[in-house]
Every structure is written in structure tokens, then in C-alpha cells.
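What follows is a structure written as C-alpha cells; I'll ask about it next.
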Amino acid sequence: MLAAYRPVLSTPNVWPFILGGLLARIGGAMFGVAVIVMISQRRGSYTLAGAASAVAILVLAVAGPFIGRLADKFGQRRAGLPFVVLSVTFCVITVWLSAVMAPMWVIFITFGVASITPELGPMSRARWVHIFRGEPHNLHSALSFEQVLEELSFVAGPVLAVTLATLWFPEAGLLGGAVLFGVGFVIFLLSTTTEPPVHQLSERPAGLAIRFPGILPIAVILVMTGVIFGANEVVAVGVADEAGRPGMASAILALFAVGSAGSAIIFGVLKFRMSQTKRLLIAAFGMFILEAPALIVGELWDLWGLAVVMLVAGSATAPMLITAMSLTQHLVPRAMLTEAMAIAVTGILVGISMGASLGGIAVDHLGPHAAYALPVGAALIAFLLAAARYRSVSRAEESAAHT
């Protein structure tokens, strides 16, 4: 199995950007849970906590494709470094404002500004596409490896955020996340030997990447995938708090990510004869089937039983994300690669924002266990959307293959 990843790991000069990207991912994975824990502990409201997380993610969703477009035009280092500095600075300001109990509207603004930052995933995937251009099997393994790194960060990130916030002070998780994110992203951006070349303006098609057939449907499907992630984060914190065991939230979220990481490793060594569009449809169906038991098990078993269910549910997310990102990069010219994948990630982020906001409301008004109806419903909608748009996306895939 590991032989499939040997070309990925033995490529010259990739380890600095891999390790830097991993640190930045862990820091970024801490933000969502860290701000929820910080505000819920300081203000006693999951609705406010979910809303703050939602606002920040929406800002990132808007900023991501814009910064990705700048990276395609001017290079990742030139486009990314100023925004990373801006993000870390305003994260530190947010920590201070929360500690002194500043008005919530001020914290909403500063944490929103902190979210004007590059999306590391599209930049890193653009590097792999550049490295393995013309080698589709190695590229599939590299994109799967990317998903493994992201899932591992979502194992370590929430655990670290909750641990820091509970052992030290409510803002410690967000502060630690800002440090890891800033240091890791700077290392990543300074690893210029693997940075994709800047394409000449004449090589870049006019208009935005989202106008290419298939890109918008994929982004919308990923919105529902993001709702699953965002809702699971808030609901897990609520369920663990209700049981009087707040530390279990990190375990539940970590096992969800472990399930996804394990499936990503296996997925990366598989060779498929079916189209990527069909794989997308099957992955969406798998997300719904495997997430649904959380509605029942949460009421019948203890928190560890729920954690096991989420471990299984997580195994469906990596195939969805790997396939969606692979299909996205297939549908656009290379000169628009980072922008297109940033649009796909934006779909996930918009969904996470919606899931965090609606999840907070559901926990406060329906109760933590009943709130699992939100991610289960989102998974069903993702499958229905994939089925409804199957023919149009399939035609776009075939057309891109011919051109």
C-alpha cells in the first residue's frame, strides 16, 4: 500500500512545504473549535459562538478565491505572505479582546479580519498538480496524501485547542492556533522550489474560474459537505457539555477525522475505471448512509458509542473531498488552478459556516442529540444534488478530457 506513496514522499524539495503545511493546517484546524470553546466559556452562549465561527468562515470563503486568483497571477509567496501576517496579528488582538470581555461586536470584527487569509489546501494541491503534471496515478496518490494531512490536522487540532483552553484559559486554544498557523504558513510560502510558475496573462482565459462547466455544481455539493463538518463541531461540543464531559468533544471530532484519514490512505492506492463524476455520486451517498446513525446512537449509547459512530461516518468524507478536488482541477486550465480549487474549498467553508451557525441554534433550541438531524439532512441534500447534476457534470468531465 505504501508503495503508491513513495513517488510522492521521495520527490525532491517537497518536505519543507509538507511540514510547513502540516503545521499551518493544525493551527487552522484549531480555530473553529477554539473560538466556540472561547466564546461559550466566556459568554455562556453556543448561538454566539456558532455565529462568530460562521462569520469568520464566510469571510475566508470570500477572501479565498480572491487570494487564490492573486496567487495564480503573482505567485504564492508574493500573494500569501501579507495576508498571513494580517491574519495572525488580528487573531492575537481577538484573544486580548476576549480576555478583557470586550463587546461581542468588536470580537466579530477582529476575528472576521483575522480570517482574511490564504487557503493552504488549494495552494498545496496546486503544487502537486505542477509536480506530477502528466502523471495521473501519482497525482491521485498526492491528492489523497493531501487529504490524509488535512484529516490528521483535524485529529490533532481540535484536541490541542480544547486541551489548551481547558488547562490554561479560554483563549489559549485560539492563541496556540494562531502561532502554529503563522509559523507553518510562512515555512510553506518560503519553500519556493516547489511553487508553481506564474502563467503569462496571455495564457489565462478571461473571466472567473467558476464559469467553467461543472465547477459551480461541485462547489454547491461541497457546501452541504461543509455543513456536515461545521454542525458536527458545534453539536459534539454541546453533547459533551450536556454529559458533563467537555473533553470528550475533542475525542469525538478526532475519531471522525481518523476515519476520514484512514479512508484517504486506502483511497489513494486504488485505481478506478469509473468516471470521477460517478465516484462523486457514490461518495455523497456514503456520507448520508454513514452519518445517519448519529441520530439514534446519541440517545442510546454513551459518548464513546457516539465517537465510534463518528469514526465510521468520517470514512465517507475523504473520498468525497479527494474526488471533488481532483475533478475540479481537471475542469479548468492550469492558469486558473489555484482559483478553481479555492472556489471548491470556498464551498466547503460556506457550508462549515452555515453548519456552525445553524448547529449552535439547533443545540440551544432542540438539544444536543436532536441537533444531529442537521448534518444528516445536509448529507442527504448533498446526495440529491449530486444525483440531480450528474449528467451535466459528467458532460463537463468528458469535454475537459477531450480538450
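Readers should treat all values here as calculations from the given coordinates under stated rules, not as data from a laboratory. Keep in mind that this is a model prediction, so the values were computed, not measured. Counting neighbours? That spans all protein chains shown, and the Cβs are built from the backbone with ideal geometry, glycine included.
Relative contact order of region 42-173, please, whole-number percent, based on alpha carbon pairs below 8 angstrom and at least 6 residues apart. Show your work: numbers first, answer last.
Details: 102 pairs, mean separation 33.7, N = 132.
Here the relative contact order equals 26 percent.
In degrees between 0 and 90, to the nearest 10, how far off the longest principal axis of the chain does helix 390-402 point, with axes built from Cα atoms?
40 degrees
Would you please name the chymotrypsin sites (Phe, Trp or Tyr not before Pro) within region 263-333 that are DSSP coil residues with at most 14 other C-beta atoms within 10 Å of their C-beta?
Phe272, Trp301
Read phi for every residue in region 48-58 and hand back ³J(HN,Hα) as whole Hz from Karplus 6.51 cos²θ - 1.76 cosθ + 1.60, θ = phi - 60°, with x for Gly and Pro.
4, 4, x, 5, 4, 5, 5, 4, 4, 5, 5
What full-extension length gain, to one decimal in nm, is calculated for Ala387 and Glu242 as 0.36 nm per residue of separation minus the Cα-Cα distance? Let's see the in-between values first.
Details: separation 145, 0.36 × 145 = 52.20 nm, distance 3.74 nm.
Extra length available between Ala387 and Glu242 comes to 48.5 nm.
Continuing with the same structure: Loop by DSSP (not H, G, I, E, B), at most 10 other beta-carbon atoms within 10 Å: where is the longest site-free stretch of the chain for trypsin sites (Lys or Arg not before Pro)? Each step should come with its number before you reach the end.
Details: sites that count: Lys271, Arg273.
Segment 1-270 is the longest.
Could you check how many percent of all C-alpha pairs in the chain are farther apart than 41 Å? Kindly include the intermediate steps, with their values, before the conclusion.
Details: 6656 of 81003 pairs.
Of all Cα-Cα pairs in the chain, 8 percent lie more than 41 Å apart.
For helix 303-314, what angle does its Cα long axis make with the longest principal axis of the chain, in degrees from 0 to 90 and rounded to 10?
For 303-314 against the chain, the angle is about 10 degrees.
Using a Gaussian network model of the chain with C-alpha springs under 10 Å, which one of Ala34, Ala373, Ala102 is most mobile by mean-square fluctuation?
The residue that fluctuates most here is Ala102.
Using a Förster distance of 60 angstrom, determine the FRET efficiency expected from the C-beta separation of Leu366 and His130, and round it to 0.05.
So, using R0 = 60 Å, E works out to roughly 0.80.
Further question: Under a 10 Å cutoff between Cα atoms, tell me which one of Met30, Met248, Met104 has the largest fluctuation in the Gaussian network model of the chain.
Met104
Return a whole-number percent for the relative contact order of region 1-117, with Cα pairs under 8 Å and 6 or more residues apart as the contact set.
The normalised contact order for region 1-117 reaches 26 percent.
Do you know the relative contact order of the chain, to the nearest whole percent, from alpha carbon pairs under 8 angstrom that are 6+ apart? List each step's numbers first, then the result.
Values: 748 pairs, mean separation 112.6, N = 403.
It rounds to 28 percent for the chain.
While we're here: What is the fewest-to-most order of Leu60, Leu70 by other Cβ atoms lying within 10 Å of their Cβ?
Ordered from fewest to most neighbouring Cβ atoms within 10 Å, Leu60, Leu70 come out as Leu70, Leu60.
Helix 215-242 versus the longest principal axis of the chain: what is the Cα-based angle in degrees, 0 to 90, to the nearest 10?
20 degrees
What distance in nm lies between label points placed 7 Å from Cα along the C-beta direction at Met274 and Trp304?
So the two model labels end up 3.6 nm from each other.
Sticking with this structure for a sec: Pick from Glu195, Glu242, Glu135 the residue whose mean-square fluctuation is largest in a GNM of the chain, springs joining Cα atoms under 10 Å.
Per the Cα network of the chain with a 10 Å cutoff, Glu135 tops the list.
Could I ask something else about it? Pop out the ³J(HN,Hα) list for region 291-296 in order, Karplus 6.51 cos²θ - 1.76 cosθ + 1.60 with θ = phi - 60°, rounded to Hz; leave Gly and Pro as x.
My calculation for region 291-296 gives 7, 4, x, 4, 5, 8 Hz in order.
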